[in-house]
Amino acid sequence: MFITYGLQALDKALLGYAAAYDLRKDTHLHGSQYSWVASVFYFGYLVAEYPLAALLHKFTAAQFLGVTVFIWGIVVLCMNFTTNFSGLMALRFFLGVLESAVAPAFVVLTAQWYSRSEQPLRQNIWFAATPTFGIIGGLVGYAVGNIKDSVVTPWRLLFIIFGCVTILWGVVLLLWFPDSPGKARFFTEDEKLHRSEEHTSELQSPC
């Protein structure tokens, strides 16, 4: 969850790193176009958050998160190929659509796996990924900008690097992410039984 939430924040913020390396010049952005490219992400997020959250109950957690993260990694990778305003707008919109699935899914899964007293700490842990991955992104962005004689321009290289990382992480989630407390490798057998029973009782509770 920590890594997934961190990649969500980082992939969203990549546009700002790329703008420092001639993205606006290479994609011929002018006037307020860059501001629209940055903002359209949130339009996609707003439109898709509820419909995607509803799909969580139709698939396993691994399927839902793995496929979503894998596709948004492809979107990030494709931003390397953009050459104009319309291409950036379309990809940023779809990035917002796909990333809108993460936070609602994590809230649901945290409620399933942990007691109410344990949930705030777990949520704080994955929220802490945002500044942590911001530091990582800044360091990688600085390193990429100092590569000499690169065939690929730095801003395109950023999208290639983090797009590939996100795609690989989507595969990891698809193959490894537990679908329920009973399948979580980080719980003991007693914890699996206790948490599964606790979750069932909370679902049956009228409160």
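The values are calculated or read from the model by the stated rules, or taken from the named source; none is laboratory data. None of these values were measured; they are calculated from a predicted model. Note that each Cβ is placed from the backbone with ideal geometry, even for glycine, and that neighbours are counted across all protein chains shown. With ligands, DNA and RNA removed, areas are computed over all heavy atoms of the protein, side chains included. Shrake-Rupley method; radii C 1.70, N 1.55, O 1.52, S 1.80 Å.
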Here FRET efficiency (C-beta to C-beta, Ala54 to Ala128, R₀ 35 Å, nearest 0.05) is 0.80
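Would you mind working out the magnitude of the charge dipole of the chain relative to its Cα centre, with +1 at each Lys and Arg C-beta and -1 at each Asp and Glu C-beta, to the nearest 20 Debye? Write down the numbers at each step before the final one.
On the way: 13 positive and 14 negative charges, 103 e Å.
Here the size comes out at about 500 debye.
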Using only DSSP helix segments of four residues or longer, with each worth -39500 (n - 2.57), what per-residue ellipticity at 222 nm results for the chain after dividing by its residue count and rounding to 500? -24500 deg cm²/dmol
If the label point sits 7 Å along Cα→Cβ of Tyr42, residues of the stretch 70-96 with amide N under 15 Å come out as 93, 96
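Can you tell me the convex hull volume per residue for the chain, based on C-alpha atoms, in Å³ to the nearest whole number? Numbers along the way, then the final one.
Numbers: hull volume 26.3 nm³, N = 207.
Spelled out: Cα convex hull of the chain, divided by residues, is 127 Å³.
Can you give me the accessible area per residue for the stretch 1-120, using a 1.4 Å probe, in Å²?
Values: 5430 Å² over 120 residues.
Per-residue accessible area for the stretch 1-120 comes out at 45 Å².
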Within the stretch 77-176, DSSP-loop trypsin sites (Lys or Arg not before Pro) with at most 14 other C-beta atoms within 10 Å are Arg116, Lys148
Enter the angle in degrees (range 0 to 90, nearest 10) between the Cα long axis of helix 85-99 and the first principal axis of the Cα atoms of the chain, meaning the one along which they spread out most. 10 degrees
The stretch 1-58, accessible surface, carbon-and-sulfur percent (1.4 angstrom probe): 62 percent
On Cα atoms only, tilt of 154-176 relative to the major axis of the chain in degrees: 20 degrees
Work out, step by step, the length gained on full extension between Ser32 and Gln63: first 0.36 nm times the residue separation, then minus their alpha carbon distance; give nm to one decimal. 7.3 nm
Any idea what angle helix 2-19 forms with the longest principal axis of the chain, computed on alpha-carbon atoms, 0 to 90 degrees, nearest 10? 10 degrees
Could you compute the longest span of the chain free of chymotrypsin sites (Phe, Trp or Tyr not before Pro) located in DSSP loops and having at most 15 other Cβ atoms within 10 Å, not counting the site residues? 60-185
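Charges only on Cβ, +1 for Lys and Arg, -1 for Asp and Glu: so what's the dipole of the stretch 1-88 about the Cα centre, in debye to the nearest 20?
On the way: 4 positive and 4 negative charges, 13 e Å.
So the dipole magnitude of the stretch 1-88 works out to roughly 60 debye.
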Quick check: Cα centre of the stretch 50-64 to Cα centre of the stretch 106-162, how many Å? 22 Å
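With the radius of gyration and the Kirkwood radius both derived from the Cα set of the stretch 48-155, what is their ratio Rg to Rh?
Details: Rg = 17.3 Å, Rh = 16.4 Å.
With Rg and the Kirkwood Rh in hand, the quotient comes to 1.06.
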Inter-label distance for Ile3 and Tyr142, nm, one decimal - labels placed 7 Å from Cα along Cα-to-Cβ: 2.5 nm
